[in-house]
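Have a look at the structure below, then the notes.
Just so it is clear, none of the values below were taken in a lab; they were calculated from the coordinates. Please read these numbers as outputs of a predicted model, since none were measured by experiment. Positions of Cβ are generated from backbone atoms using ideal geometry, with glycine treated the same way; all protein chains shown enter the neighbour counts.
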Amino acid sequence: MILPESFKFITSTLSWTLRAGCLAHLIHENVYEFTETRGESMLPTLQNQYDYVHALKKYKFGRNLTIGDCIVAMKPSDPNHRICKRITGMPGDIILVDPSSSSNLTNTEKQSIINDGYNKFIKIPEGHVWCTGDNLCHSLDSRSYGVLPMGLITGKIIAANSMNIGIKGLCDFRWINNTFVDE
Amino acid sequence: MHQGIKTTLITLTWFPVLYTFTNHIIQPYCINGFSMTPTFNNNDIVLVKKYNMKSSNLTKGDIIMFRSPENPEKLLTKRIKGLQNEIIIPKKDYPKNQVKIPRNHLWVEGDNEFHSIDSNKFGPISQGLVVGKVLSVIWPLNRIGVDLEYR
């Protein structure tokens, strides 16, 4: 039986679409991703809206990441949400959890003593990182949900574009650097 | 010669399709270690289902594969012993007497409790670390489709 020419054309188109789609997916998972970010937690590094970031996926699962890198990760308490934070502690580091929980600006004297924020330290276990937003007073991060397993990290942010001026924003390209300074 | 290169290239274009299939639908894995005996033996090959892995589809008693919280490059296979918001009494030298499992976390333990590194050591694991659910044993042949219930 000879198949009609049109049938052949349709199957070949569908097959190439499938292969192209899967290739795009492979690149999206393992090489590079360009996505929108929202939220105040990374101000002033990233704006709270209209910001698009370039993320490299070769750093996923925390491969070769160091302190000070910006990462994209899944939220431990809700894997469908993505978070964008800066790594501020590596495995083995000893971290002062949250001194602001005993600040006398936002807490009563009694509360600050109960919270004991200046004396609560933890040691980061193997395979985990400590991550915080750059905007410490408006960020939900390791200070509330604890250490982040490296298995949840999906990539490292290397650059960003601000799209609030429309497509012209593609020219407004800036690198996002590791701002950590070892004093 | 020219024909050979063309065939190779065409075959290569199917690689992303295979990758997507094994990553999101089903993939065979080899079990290493003895933490799940007698359900799985060392070097068994199992089929792992990757789709529909939301927390609402996981129940107690399911065997799941997940990334180790201590070493993200390592995959572990354990049985779910507790779902989110449940209260668990850990077995051995866990620092607390009882644990309330946080939202979207799971408590996992190996069937062979003496040779297992599980939630009794590293605590509840996040749902995001789950890779898939073990469907059945496919190798060795005499144990195909063996019952995976806890005995």
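Between B:Lys92 and B:Val146, full extension at 0.36 nm per residue minus the direct alpha carbon distance yields a gain of 16.4 nm. Please tell me which of these pairs span more than 25 angstrom C-alpha to C-alpha: B:Lys50/B:Lys78; A:Lys123/B:Lys133; B:Lys81/B:Lys133; A:Lys123/B:Lys50; A:Lys58/B:Lys81; A:Lys75/B:Lys50? In this structure, A:Lys123/B:Lys133; A:Lys123/B:Lys50; A:Lys58/B:Lys81 exceed 25 Å between Cα atoms.
Lys and Arg at +1, Asp and Glu at -1: add these up for the other residues within a Cβ distance under 11 Å of A:Asn48 and post the number. For residues surrounding A:Asn48, the net value is -1.
Using Cα positions and a limit of under 20 Å, work out the aspartates and glutamates in reach of B:Lys60, with same-chain residues fewer than 8 apart set aside. Counting by Cα, and skipping residues close in sequence, B:Lys60 has these aspartates and glutamates nearby: A:Asp78, B:Glu86, B:Glu109, B:Asp111, B:Glu113, B:Asp118, B:Asp147, B:Glu149. Of the GluC sites (Glu not before Pro) found in region B:61-99, those in coil by DSSP whose Cβ has at most 16 other Cβ atoms within 10 Å are B:Glu73, B:Glu86. Taking a straight line from the alpha carbon of A:Lys120, these lysines sit under 20 Å away, with near neighbours fewer than eight places off in the same chain left out: A:Lys110, B:Lys96.
Of interest is the spacing of the C-alpha centroids, which for region B:29-89 and region A:48-93 amounts to 25 Å. Taken about its Cα centre, chain B carries a charge dipole of about 340 debye when Lys and Arg each add +1 at the Cβ and Asp and Glu each add -1 at the Cβ. A Förster distance of 30 Å, applied to the separation of the beta-carbon atoms of A:Asn135 and A:Leu170, puts the FRET efficiency at 0.70.
Please give the length that would be gained between B:Trp139 and B:Asn43 if that part of the chain were fully extended, namely 0.36 nm times their separation in residues minus their C-alpha to C-alpha distance (nm, one decimal). All intermediate terms of the calculation are to be shown ahead of the outcome.
Values: separation 96, 0.36 × 96 = 34.56 nm, distance 0.86 nm.
Full extension of this stretch gives 33.7 nm more.
Electrostatic bookkeeping for B:Glu109 treats Lys and Arg as +1 and Asp and Glu as -1; over the other residues with beta carbon under 13 Å from its beta carbon, the sum is +3. Principal-axis analysis of the Cα atoms of chain B puts helix B:15-24 at an angle of about 20° to the longest axis. Placing dummy labels 7 Å off each Cα toward the beta-carbon, the span from B:Asn57 to A:Thr11 is 3.1 nm.
Computed about the Cα centre, the dipole magnitude for the protein assembly as shown is approximately 680 debye when only Lys and Arg (+1) and Asp and Glu (-1) carry charge, each at its Cβ. Among the chymotrypsin sites (Phe, Trp or Tyr not before Pro) in region B:1-74, those located in a DSSP loop and surrounded by at most 16 other Cβ atoms within 10 Å of their own Cβ are B:Trp14, B:Phe34, B:Tyr51.
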